[in-house]
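Student: Let me give you the structure first, and then I'll get to my questions.
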Amino acid sequence: MQEADRNNGRYQLRALLVIGALIAVLGTAPAAAQLRGHGGPVRALAISSDGQTLLSGSFDGSAIRWSLGRDAAEQVLRFHADAVNATALLKDGRAVTAGADGRIAVWSSSKQQPEAVLEGHTAPIAALALSPDGEMLASAAWDHTVRLWPLAGGTPRVLEGHAQNVNGVAFSADGKTLISVSYDLTLRIWPLDSSAAPSIVTLPAPLNSVVAFKDGEIAAAGADGNIHFLDGSGNSDGEVAAGPIPVIAMAVSRDGALLAAADIRGSVAIVDRKARTLVRRLVGPGLPVWSVAFMPDNGTLLTGGADNMIRRWNALTGEPIGATIQESPNDPLAAYAGDRGAEIFRACIACHTLTPDQVNKAGPTLSGIFGRKIATLPGYSYSEPLKKLDIVWTPETVSKLFEIGPAAYTPGTKMPEQRIGSDEDRKALVQFLARVTAPPVNRGQ
């Protein structure tokens with residue numbers, strides 16, 4: 001039903017114009033709390049060790065290198081044929097981007113094209129991690145593998161064993177192990193100094209994100225909204241409920257005291273790691289927060305969201321830094337307050353519109369969806385695998401999509417993996433879509 005927009009020329013041109021205008025304006029503009037320039041949801045954030053540089057990646061297929069001292073866009077990186085899902089900044093100042101096209105690009109600060117392209121994954125790359133010594137890059141992908149890339153060159157090491165999408169990866173502080181998490185419910189701890197099999201921990205829910213702390217502790221989170229803490233060997237060491245909905249990104253402060261967990265409905269839980277308590281919640285415009293990163297001061301948090309913006313927060317007080325800016329002054333779901341189906345759909349409004357007078361976004365409009373065959377809406381560029389599927393969208397097929405997940409039901413989609421486990425919630429969503437996407441003449445019948 002939804003995929004990242006690869007080749008929509010008008011969409012990309014609009015994004016280029018916006019970014020070009022941003023560079024022209026921000027080059028001399030005073031510092032602001034928010035950074036605006038991407039033409040799609042901000043999927044990835046990486047901050048340099050000195051806190052002066054930010055590298056963001058977006059569903060619009062671009063990455064932007066920002067000066068945080070000037071709040072200015074310094075370089076726009078365009079190479080990937082799809083969303084930029086992960087970014088990293090190397091110790092020598094080079095940038096790394098990884099995309100839903102399965103490729104990793106390594107960039108020098110002065111070049112407009114990558115100096116190196118790392119290829120091998122056969123599905124979208126979801127996450128990157130840099131080893132403590134800066135010599136190795138790890139990538140996690142939806143082809144069920146993790147790859148270790150020597151940055152000095154050489155053959156990558158492929159770690160296999162996960163049964164579903166690998167969504168997160170992290171190095172231990174001593175660099176001796178690599179931790180990966182997957183939608184198959186497992187966390188795996190891979191020894192890097194041998195070919196020994198990994199330690200496998202099965203957790204209660206599909207996993208989206210993992211972080212490793214300097215003292216060896218590990219935190220993993222995913223579809224159940226809980227943060228699971230483990231010691232370096234994989235033994236359970238407590239958990240914290242971040243909320244009732246999926247956590248899709250996490251970040252840890254440099255001193256290890258605070259953990260930020262972002263969810264698909266737009267809030268960020270701030271957790272005191274030692275006390276194992278939820279101390280506050282950052283609440284933005286109600287759209288999914290796809291990425292989070294702490295500044296070196298341990299108290300300032302950057303978030304990247306479905307409103308195409310990067311925001312600053314005081315994680316110690318829970319307050320936004322600077323004026324709160326809404327990308328759109330109108331909430332498209334305001335008229336449906338109290339409707340359970342509308343609240344469930346809120347996670348989808350960043351990529352889909354509902355009515356015939358609204359254009360396609362990152363995903364196609366859902367206007368008139370019921371009765372339409374998959375990948376047939378005029379004016380939207382679909383991937384070839386979707387065009388080969390024999391699915392007609394009905395209340396039953398839409399419900400099935402969210403019951404088993406997009407990756408299983410619509411192979412080849414770029415729709416973020418998500419499931420709705422409750423029969424009642426799926427029913428509410430389908431009923432809402434039936435009401436608001438039907439042609440005007442059919443509504444109320």
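The values are calculated or read from the model by the stated rules, or taken from the named source; none is laboratory data. None of the values given here were measured: they were computed from a predicted structure. Here Cβ is always computed from backbone atoms with ideal geometry, including for glycine, and neighbour counts include all displayed protein chains.
Condition check ((1) assigned by TED's automatic domain parsing to the domain that holds residue 307; (2) assigned to a strand (DSSP E or B); (3) in contact with a strand residue (DSSP E or B) (Cβ under 9 Å, 6 or more places away or on another chain)) across all residues:
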position: 243; (1), (2), (3): yes, no, yes
position: 248; (1), (2), (3): yes, yes, yes
position: 260; (1), (2), (3): yes, yes, yes
position: 269; (1), (2), (3): yes, yes, yes
position: 275; (1), (2), (3): yes, no, no
position: 281; (1), (2), (3): yes, yes, yes
position: 286; (1), (2), (3): yes, no, yes
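Student: Could you figure out which of (1) in a loop (DSSP other than H, G, I, E, B); (2) touching a residue at least 24 places away in the same chain (Cβ under 8 Å); (3) not polar (S, T, N, Q) isn't true of residue 96?
Tutor: Exception for residue 96: condition (1).
Student: Residue 65: assigned to a strand (DSSP E or B) and either of a type in the set (Lys, Arg) or free of Cβ contacts under 8 Å to residues at least 12 places away in the same chain (or both), yes or no? Spell out how you get there, then give the answer.
Tutor: Working: assigned to a strand (DSSP E or B): yes; either of a type in the set (Lys, Arg) or free of Cβ contacts under 8 Å to residues at least 12 places away in the same chain (or both): yes.
Here the answer is yes, as residue 65 does meet what is asked.
Student: Every residue in the stretch 99-115 that is without any contact (Cβ under 8 Å) to a residue 40 or more places away in the chain, of a type outside the set (Lys, Arg) and not in a strand (DSSP E or B), please.
Tutor: Selection gives 101, 108, 110, 112, 113, 114, 115.
Student: Let me ask something else. Restricting to the stretch 122-148, what's the tally of residues that are out of contact with any Gly (no Cβ under 8 Å at 6 or more places or on another chain) and crowded, with 22+ Cβ neighbours inside 10 Å?
Tutor: Counting residues in the stretch 122-148 that are out of contact with any Gly (no Cβ under 8 Å at 6 or more places or on another chain) and crowded, with 22+ Cβ neighbours inside 10 Å gives 7.
Listed here are the residues, each with its yes/no results for (1) farther than 27 Å from residue 255 by Cα; (2) in the same structural domain as residue 142 (by TED's automatic domain parsing); (3) of a type in the set (Val, Ile, Thr); (4) modelled with pLDDT of 95 or more.
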residue: 162; (1), (2), (3), (4): yes, yes, no, yes
residue: 169; (1), (2), (3), (4): no, yes, yes, yes
residue: 172; (1), (2), (3), (4): no, yes, no, yes
residue: 176; (1), (2), (3), (4): no, yes, no, yes
residue: 184; (1), (2), (3), (4): yes, yes, no, yes
residue: 191; (1), (2), (3), (4): no, yes, no, yes
residue: 200; (1), (2), (3), (4): yes, yes, yes, yes
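Student: Pick from 222, 238, 243, 256: which is among the small types (Gly, Ala, Ser) and out of contact with any Phe, Trp or Tyr (no Cβ under 9 Å at 6 or more places or on another chain)? Spell out the reasoning first.
Tutor: Numbers: 222 fails: out of contact with any Phe, Trp or Tyr (no Cβ under 9 Å at 6 or more places or on another chain); 238 fails: out of contact with any Phe, Trp or Tyr (no Cβ under 9 Å at 6 or more places or on another chain); 256 fails: out of contact with any Phe, Trp or Tyr (no Cβ under 9 Å at 6 or more places or on another chain).
Just one listed residue meets the conditions, 243.
Per-residue answers, yes or no, for (1) assigned to a loop (DSSP other than H, G, I, E, B); (2) touching a strand residue (DSSP E or B) at 6+ places or on another chain (Cβ under 9 Å); (3) not aliphatic (A, V, I, L, M):
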position	(1), (2), (3)
132	yes, yes, yes
137	no, yes, no
146	no, yes, no
154	yes, no, yes
162	yes, yes, yes
167	no, yes, yes
170	no, yes, no
173	yes, yes, no
195	yes, no, yes
